[in-house]
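Reviewing the structure listed below.
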Amino acid sequence: MDYSALLAAGAHALSLWPLLSLLAGVSLGLVVGSIPGLNDTITLAVLVPITFALPSDIAFPLLVGVYCSACFGGAFPAILLKIPGTASSVLTAVDGHAMTRQGRAGQALGIATYSSTFAGTLSALVLIFFAPILAQYALRFGPAEYFALCILGLSTVVGMGAGNAMKSALACLLGLLVAMIGMSPESGYPRFTSGNFWLYEGLPLTPILIGLFGLSVVFEMLSSERSDARDKGADEVPVRFADMLLPWSMVRRLLPTWLNASALGNLVGVLPGAGMLVAIYMAYERVRRKFGERCGQGLPEGVAAPEAANNSVVASSMVPLLSLGIPGNSTSALFLGALLIQGLRPGPSLFTDTPDIAYLIVLCFLIANLAMFPLGLLLARIIPNMIRSVPRALLAAAIACLCFTGAFAIGNSVFGIMVALAFGIIGFMFNRLQVPLSPFILALVLAPVIERAFFQSMSLSGGSVAYFVTQPLSAAMLLFTLIFMVWPLGKLIIRRRRQVPG
Amino acid sequence: MTQRRLFALSSHWLDRGLSLVCLALGAGVLMIAKGYPTSAGALPMILGWLLMGCGIGLWLFPGKRADMRNVRIGGLLWGMAVFVAVLWLFASLGADVALFVLFVGCAVLSGYPPGLRLVATALLFVILVGAIFGGLLGVPLPGPVFALFSA
Amino acid sequence: MSVIPLRIAVVLLAGLSSGALHAADYPQKNIDYVVPFAPGGAVDFTGRLIAEAAPEAFDGHSFIVKNMPGGGAVIGQTHVSMAPADGYTLLAMTSSVINNALTKPVNYDLDSFTPLALFNLDPGVIVTAADGELDDLQAFLDAASNDSVSIATPGDSTSHHVTALALAEEEGLNFRYVHNTSAALQLHQLMGGHVQAGFMSLGEAIGPVEDGSIRILALLDGSRNDLAPEAPTYQEVTGHEFQWGTFRGIAAPAGLADDVKVELEARLGELLTSPDFVKRMGEAGYRVDYRDGDAFSELLEGTAEQMLRVLPLLETAS
């Protein structure tokens, strides 16, 4: 650890132009994050070539700012409209929107801001001080470990349905089934495609999310009674600044949740591929275990856990790139390009050869997370009242337009819109039939990873299933899964036994 | 205004309906996946059986929360019609025209009074969307008006 | 409508700005550059580098990068093959055009495109972890012929998977394939010691090689490469010729008018060999190997022949 270089980079990062570009990046990230269908990847793809012309101490603050704040931006529409702006805020929508309907939108936005800032800052510190150690740990995850981790992640959905376990199982199965569409990972054999090459790579995730969450809301609005269509939502309580500042008692109450979620985010988020969603779901599951039925009905912890987890994943997903030179996801692949174009090579040599810019980048993660706090609160003050002042009919129209545009822009084709429309209807039916959406999303994302990891393991072990149990890490995770699955059953039996003598 | 309800079924029977869909889907998956080579067909086969199991479970233990009351089916159908028309416009004329129609259509369907005010709002909003996507974010959208933003 | 005077004005302007070199009435508007992959990959990245440099060579008109991912690049490739052949829709052409045309039921083949320029050749490499037990290519070959070696590929029926299949067939080797979805995951498995070796492109391997976390066992090219001068070619070690690589180029739909084709080729050549562009590509880790349309066509034909020979292997393997 080169502390003098760290300090010098700190002073540099806080000078005028780097700081301004960082703030610009954070603001831009909040905007793109809050628009469903736009995300950090597409924004960075556009920005990276523009940064060629910029010096590296302006380019990287901008890029880091966008990357850090985009997933926090997703929380705004999730809380206010139940439309997650990014995949990482799918769970935020559950308790967040419940709070909005109880007139506690301000508090929910405040919790999201506090949680994101706290966890993001913490994981930026982890990135600065422990990146090499985390990177070595991430390397220990081979196919068997990935398989076990995803199974563990999938087991968190067991109790997610509000009341009916059958329905969460159904949602999970349907998600797995939709993920089957396309070429199989092992042999490239096309499944459920009926020879249509639009389906060869499977259905694109973003249009599915836009449909399930965005268009389903539009369908709901179109099919509701007309009388209240011209209402301006006047029954909703206006958001005041005071609501968003959390009292100390609330901060103390949420602190364990934040620490839990950050730890999970840092450990699981480091893993390239499936880390982000698994970390978020596991964090939420811990809250659900603790609070049971109250979860999903506007519980502050239900907002804090996913928001803390997703922001801690952001910085830790940079660990493999900066320490090993391996981009963990498509966003860090763009960072790789940006680094190379500036004459920097990510990997172990980055911090020894070019410490000034390397430390500047990791410090930007820290500062960007801190900058998110005031900017987030500012937006939280403006957006809800803006939404309140728009008549519901125009709101439906605006959401529909953004959904269509986002679904189109992701692949520059109307196929995205078709997918979004189909899943809009499915999402509407899910809501009406009380089938939870979150197990569906997790299963959809994890299914390809599980299947691929399974066949990879089979190839490595020569077809022996015992391979998963002989690897200590994967064996431990599978054991945990088993305990998680059996636990609710065991609790039920214990409760019954207690009731009998009583 | 007369309102048509979508099914007068109780939530109990709605869940049983869902369970039938589940059984049918599971059976369909099993039938299709049977023809796949082993490595590609293994997981779909498992899923097919699990779906059947889930369908049976849901038939035996239906929930009480499913709710199809207060659904104005006319609104849904008109909405779908507008969406399909917009889809066609998107592909043929361009995003700007399509989004304008979508905005006006959605607003009128949800009860906003049609008029100059709505047209002006729609125009402004569509131009804003074009400016954000094409101008600020460099994601080009097709269309005669939007072409101006990406230049 | 006064279309004709406008055209004349544009031509005059164009003539003024580029020193009256280009006479045809092309280009008059922005050009769509279709990348058949999602943002973030090498094809997308190099495409955006080209777009950045384009206005200089195209009289101020821009290249608009359009990502059209899906179907293993089929969506974008189909889009371009059916687009009007007016020179305003270009495709980021990779070897996947050949693979797709041969292995999937698509509506296009090589003849549906007019190759215009090649700008990057990336030879294949066989790599292993720096601390792996396979010391050199000979050890790798011995291990694979006596026992079997686990191989990380970037996916089933990708160019690198095909390379490994072809090598196994030619030398009688046993590989256990571990299919991933990206070079990044291949590197992860190599460095973590989960697989013994991997097939990838030199461009994807060069960073970790310089860091000393992976080693190149063999370069699948005709001669050594100045990016990794220590890496021996396959032929040097074994005496057998075995070359395989990927490439990146630009193509238009078939049926391009001759004058537009000449114009496009000239301007693309100017763009792709300009010192600025070459420098930026170099900084980003890509060497510019410019070849004109005819040379690119030749390369494509050669690769297609090579693929045809290997195709039966792919079918028996799956």
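For peptide B:56-62, the mean count of partner chain Cβ atoms within 10 Å of a residue's Cβ comes to 3. Under 5 Å between amide hydrogens, built in the peptide plane, is the criterion, and for C:Val65 it picks out C:Tyr33 among residues at least 5 positions away or on other chains. Between segment C:71-111 and segment C:197-256, the alpha-carbon centres lie 25 Å apart. Between 0 and 90 degrees, the angle of helix B:73-92 with respect to the longest Cα principal axis of chain B falls at about 60 degrees. Straight-line cross-link partners of C:Lys104 among the lysines, defined as a Cα under 28 Å from its Cα and at least 8 positions apart when in the same chain: B:Lys34, C:Lys66. Cα convex hull, segment B:73-150: 83 Å³ per residue, rounded to a whole number. Rounded to the nearest 20 debye, the dipole size of the protein assembly as shown about its Cα centre is 6120 debye, using +1 on the Cβ of Lys and Arg and -1 on the Cβ of Asp and Glu.
Kirkwood hydrodynamic radius for segment A:3-499: how many Å is it when counted over pairs of different Cα atoms? Hydrodynamic radius (Kirkwood, Cα pairs) of segment A:3-499 is 23.1 Å. Amide H contacts of C:Arg176 (H built 1.01 Å from N, in plane; Pro and chain starts excluded): C:Val149, C:Ser150, C:Ile151 sit under 5 Å, all sequence-distant by 5 or more or on other chains. Both radii were evaluated on the Cα set of the protein assembly as shown; the Rg over Rh quotient, with Rh as the Kirkwood radius, amounts to 0.96.
Listed by chain and number, the lysines whose alpha-carbon sits under 30 Å from that of A:Lys82, ignoring those within fewer than 8 places in the same chain, are A:Lys167, A:Lys232, A:Lys290, B:Lys64. Here the sum of -39500 (n - 2.57) over DSSP H runs of 4 or more residues, divided by the residues of the protein assembly as shown, equals -20500 deg cm²/dmol at 222 nm, to the nearest 500. Shielding value for C:33-44 is 4, the average number of Cβ atoms from other chains within 10 Å of each residue's Cβ. When every Cα-Cα distance of chain B is counted in 5 angstrom steps from zero, the calculated P(r) takes the values 2, 9, 11, 10, 10, 9, 9, 11, 13, 11, 4, 1, 0 percent. With neighbour counts taken as other beta-carbon atoms within 10 Å, the residues C:Lys66, C:Lys261, A:Lys491 rank, fewest first, as A:Lys491, C:Lys261, C:Lys66. Look at the stretch C:172-185: the mean tally of other chain Cβ atoms within 10 Å of its residues' Cβ atoms is 5.
Annotation for segment B:72-151 versus segment C:128-169: alpha-carbon center distance of 53 Å. Here the mean projected area of the convex hull built on the C-alpha positions of chain C is 16.7 nm².
Residue-wise HN-Hα couplings along segment C:51-65, as the Karplus relation 6.51 cos²θ - 1.76 cosθ + 1.60 with θ = phi - 60° gives them from phi, are 4, 4, 8, 4, x, 4, 8, 10, 6, x, 7, 9, 8, 9, 6 Hz; Gly and Pro carry x.
Only the coordinates and a few stated rules stand behind these numbers; no lab work does. Bear in mind that the values here come from a model prediction, so they are computed numbers and not experimental data. Because the Cβ atoms are built from the backbone with ideal geometry, glycine has one as well, and the counts that use them run over all protein chains shown.
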